[in-house]
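Values in this text are rule-based calculations from the coordinates and carry no lab data. A quick note: this is a predicted structure, and the numbers were derived from the prediction, not measured. Positions of Cβ are generated from backbone atoms using ideal geometry, with glycine treated the same way; all protein chains shown enter the neighbour counts.
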């Protein structure tokens, strides 16, 4: 209950930050990604501001036995830099550079219900769900034939 | 309108603070794509093997839903206080390209397990080599896409 309330407030602050920083305007994002054109470094400053605060909190978290209102930290333990990670990031990055939208700002902007933003968000949600189902199918298939998985790994 | 350096830094600090609260209090990564994934996750779909229990298993996924609701609430605040912040901009991108972009973002963030908040802020902020590699990759590809789509393709009529 506390967790959900805290998450809700954090979401509001996140949305405020996106708006203040100009990241809800795709033109600012595209301006940053337009390295071969008229480069707008604003997003770099946004990252600096975000990382300065977050890295401080992360350092605290590294030494903390548990979070303040939960039993344990649920952070990724894997360090594997594999094709899935990089391939996924590449695909995401390309989509980001086409519309200047990533998930957070798109959701925030969607409240204005403009056809353009709603179209993006709808497509993103459909693709997200489809990918989840595809991943679930693959995971189930993998579990059904551990022999194949072991053979494939050698 | 491009933000002033102060607004960029300050807005970024707010973003970092919000994500930091999620980490410090709830012990979770504030990754929006992950939260959307939890929202549309098929029932019975297990977490990634080898990963600790994610937000989908803690309190039935209430936290991701709450954060996303907060994003929407924040958006509504902007809509009433300063609507131009969330107003759509016609960057000249045809609607089908928005569908494509959305699909690429949807697929890529699920396969790559993160986005600008999850990898770019949280992962890099934690010093995760995975996230640093992912962030470098999506930034580079973003630049490529912007060059191809906005510099070359969309600008071709102006020549």
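I need the shape label for the stretch A:1-140. Rule: rounded when a/c is under 1.5, else prolate if a/b > b/c, else oblate, with a, b, c from the alpha carbon gyration tensor. Note, shape of the stretch A:1-140 comes out rounded.
Comparing B:34, B:123, B:11 in a Gaussian network model of chain B, where Cα atoms under 10 Å apart are tied by springs, the biggest mean-square fluctuation is seen for B:11.
Taking chain A as a Gaussian network of alpha-carbon nodes connected by springs under 10 Å, the highest mean-square fluctuation of the residues A:47, A:124, A:23 belongs to A:47.
Rounded, prolate or oblate: which one fits the protein assembly as shown, using the alpha carbon gyration tensor with axes a ≥ b ≥ c (rounded when a/c is under 1.5, else prolate when a/b beats b/c, else oblate)?
The shape class here is oblate.
Which residue fluctuates most in the GNM of chain A (Cα springs below 10 Å): A:65, A:115, A:26? Highest fluctuation among the options: A:65.
Quote the relative contact order of the stretch A:31-107 in percent (integer), defining contacts as alpha-carbon pairs under 8 Å separated by 6+ residues.
Numbers: 21 pairs, mean separation 10.4, N = 77.
Relative CO of the stretch A:31-107 lands at 13 percent.
With everything on Cα atoms, drop me the angle between helix B:62-81 and the longest principal axis of chain B, reported from 0 to 90° to the nearest 10. The angle comes out at about 40 degrees.
Quote the relative contact order of chain B in percent (integer), defining contacts as alpha-carbon pairs under 8 Å separated by 6+ residues.
Working: 84 pairs, mean separation 41.6, N = 159.
Computed over chain B, the figure is 26 percent.
Here the contact order of chain A, divided by its residue count and restricted to Cα pairs under 8 Å and six or more residues apart, works out to 22 percent. For a modelled paramagnetic label at residue B:62, 7 Å from Cα along Cα-to-Cβ, the residues of the stretch A:1-16 in reach, with backbone nitrogen under 18 Å, are A:1-12. Anisotropy class assigned to chain B is prolate, per the alpha carbon gyration tensor with a/c at or over the 1.5 cut-off and a/b larger than b/c.
The packing ranking, built from the mean of other Cβ atoms within 10 Å per residue, places the peptides B:13-23, A:132-142 in the order B:13-23, A:132-142, highest first. In plain terms, the residue of B:138, B:80, A:8, A:94 with the fewest other Cβ atoms within 10 Å comes first and the most crowded comes last, giving B:80, A:8, A:94, B:138. For peptide A:36-45, the mean count of partner chain Cβ atoms within 10 Å of a residue's Cβ comes to 5.
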